[in-house]
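Working notes, beginning with the structure itself.
The values are calculated or read from the model by the stated rules, or taken from the named source; none is laboratory data. All of these numbers come straight from a predicted model, not from anything done at the bench. In this analysis, Cβ positions are derived from the backbone assuming ideal geometry, glycine residues included, and neighbour counts consider all displayed protein chains. Please note that ligands, DNA and RNA were not included when accessible areas were found on the heavy atoms of the full protein model with its side chains. Shrake-Rupley method; radii C 1.70, N 1.55, O 1.52, S 1.80 Å.
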Amino acid sequence: MAITKAAYLLSAPDLSFCPDGNLPEICFAGRSNVGKSSVINALTRRKNLAHTSNTPGKTRSLNYYLIDDAWHLVDLPGYGYAKISKKEQSRWGREMKRYLLERNALQLVVVLLDVRHAPSALDEEFLFFLGENGIPFCIVQNKADKISKSRLMQQKANINQLLKEMNIDVPLFQSSAIIPETLDELLTFIGEYVQDAKL
Ligand SMILES: Nc1nc2c(ncn2[C@@H]2O[C@H](COP(=O)(O)OP(=O)(O)OP(=O)(O)O)[C@@H](O)[C@H]2O)c(=O)[nH]1
Ligand SMILES: [Mg+2]
């Protein structure tokens, strides 16, 4: 699958503002600053479709993009941004869980992790939540350009070990937002979920 058309649709402050769920939806989730917005730009080959920033916590709503007039790509707010108040964080946590559990159009969650580091407690909690609730997801170890090939292999083995311990069996990809070709496999995988969607 190649993306030929990508356009910003809307920013939903909560579930009630999401568009009609008549198109298949794929969302991107992960810790703040892990590269969700950057990967979305790389996938769609647009420089500034999704807003990226060095300042974590930039994406604060569910940002919707219409892809090829056929499906929605959603940039979720990152979790684990310390500078947001506890109250606000737990509100967002609840809102995200509601979205993930109740959004019927949702076909697949793409979970981004930083390939350089072991998953944080929040990452593990999130993976566990998805697994526990039977929500289809895959994992992408992003920022692959930042470490050597051998370290990449090592980090793949490390995450596979962790997933085994967590009893989670999902596809794993490695990507770099600055090398778009590294996202080809992920895009093919997403394409299957878009095509097989029954709404
Ligand atoms: N070298 C490198 N930098 C990356 C990569 N992906 C993202 N970045 C950088 O990491 C920073 C954060 O990227 P964003 O795409 O804004 O991260 P985000 O996950 O959308 O963050 P929030 O919106 O805060 O949740 C930016 O400075 C990006 O340029 C990557 O694969 N390689
Ligand atoms: Mg973002």
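Of note:
- Amide H to amide H distances under 5 Å link L113 with V140, Q141, N142, where only residues 5 or more positions off or on other chains count and H is placed in the peptide plane.
- Shown for region 6-195: lysine pairs separated by 8 or more places, or found on different chains, whose C-alpha atoms are under 24 Å apart, numbering 29.
- Region 170-180 - phi-based ³J(HN,Hα) in whole Hz, Karplus 6.51/-1.76/1.60, Gly and Pro as x: 9, x, 10, 10, 10, 8, 9, 5, 9, 10, x
- Heavy-atom accessible area for F128, with the other protein chains in place and a 1.4 Å probe, reaches approximately 110 Å².
- Rounded if a/c under 1.5, otherwise prolate or oblate - the chain, Cα gyration tensor axes: rounded
- Under DSSP loop assignment and at most 11 Cβ neighbours within 10 Å, longest trypsin sites (Lys or Arg not before Pro)-free interval of the chain: 84-197
- Whole-Hz ³J(HN,Hα) from phi, Karplus 6.51 cos²θ - 1.76 cosθ + 1.60, for region 22-34, glycine and proline x: 9, 10, x, 10, 10, 10, 10, 10, x, 3, 4, 6, 6
- Cα gyration tensor shape of region 1-95, rounded if a/c is under 1.5, else prolate or oblate by comparing a/b with b/c: oblate
- The residues of region 13-111 expose, per residue, 46 Å² of accessible area to a 1.4 Å probe.
- Taking amide H as placed 1.01 Å from N in the peptide plane, the amide H of Y81 sits under 5 Å from that of S32, each at least 5 places away or on another chain.
- Prolate/oblate/rounded call for region 114-199, Cα gyration tensor, a/c under 1.5 rounded: oblate
- Percent carbon-and-sulfur accessible area, region 6-195, ignoring ligands, DNA and RNA, probe 1.4 Å: 50 percent
- Mean separation of Cα contacts under 8 Å, 6 or more apart, over the residue count of region 1-76: relative contact order %: 46 percent
- Considering only L113, T55, S37, the residue lying farthest towards the positive end of the dipole of the chain is T55, judged by Cα position with unit charges set on Cβ.
- Of all DSSP beta bridges confined to the chain, the antiparallel ones make up roughly 35%.
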